[in-house]
Amino acid sequence: MPGPYKRKKYHFGDTHLKKRWRTKRRKKDLDEINEDLKPEKAAQLLDQEVDLDKPGDAQFYCLHCARYFIDETAMNDHFRTKVHKRRMKALETEPYTIEESEKAAGHGSFVPAKKRKMETQQPLSEEPPP
Ligand SMILES: [Zn+2]
């Protein structure tokens, strides 16, 4: 009969199995981010109200990765990372409807038609006036 010592942690290393189902740190899907890249939505996300529950009070947000950063340095560092560049690439080839591209055509830098050119958002301090 197994005594109290039978209570071993057989699933101790199984974090990879659980992670997939975790919702706390669930990242946005690419198609959600796609939505966020529309100029109106993007503007909102880049100019959020101070939210003390979010890292950096929600003032430093990478649109393409749907991530918050604690300060401008962290964010600008992130723009130079592999994760970010890979994401930009993924978003460039995301399927895209004609209506959307027409809608976006008049609205500046984010989305030219068909194959989009992704641009990293401007660092906050250098943001051009709307
Ligand atoms: Zn990013």
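Things worth noting here:
- Selection from region 38-90 of residues that are exposed (fewer than 14 other Cβ atoms within 10 Å of the Cβ) and closer than 17 Å to ARG26 by Cα: ASP53, VAL83
- Meets criteria (under 19 Å from ALA66 (Cβ atoms) and either of a type in the set (Lys, Arg) or at pLDDT below 85 (or both)) for ASP47: no
- Taken over region 42-61, the criterion of being under 16 Å from GLU119 (Cα atoms) and within 13 Å of the chain's Cα centre (by Cα) is satisfied by ALA42, LEU45, LEU46, TYR61.
The values are calculated or read from the model by the stated rules, or taken from the named source; none is laboratory data. Values in this document were obtained by computation on a predicted structure and should not be read as measured data. Positions of Cβ are generated from backbone atoms using ideal geometry, with glycine treated the same way; all protein chains shown enter the neighbour counts.
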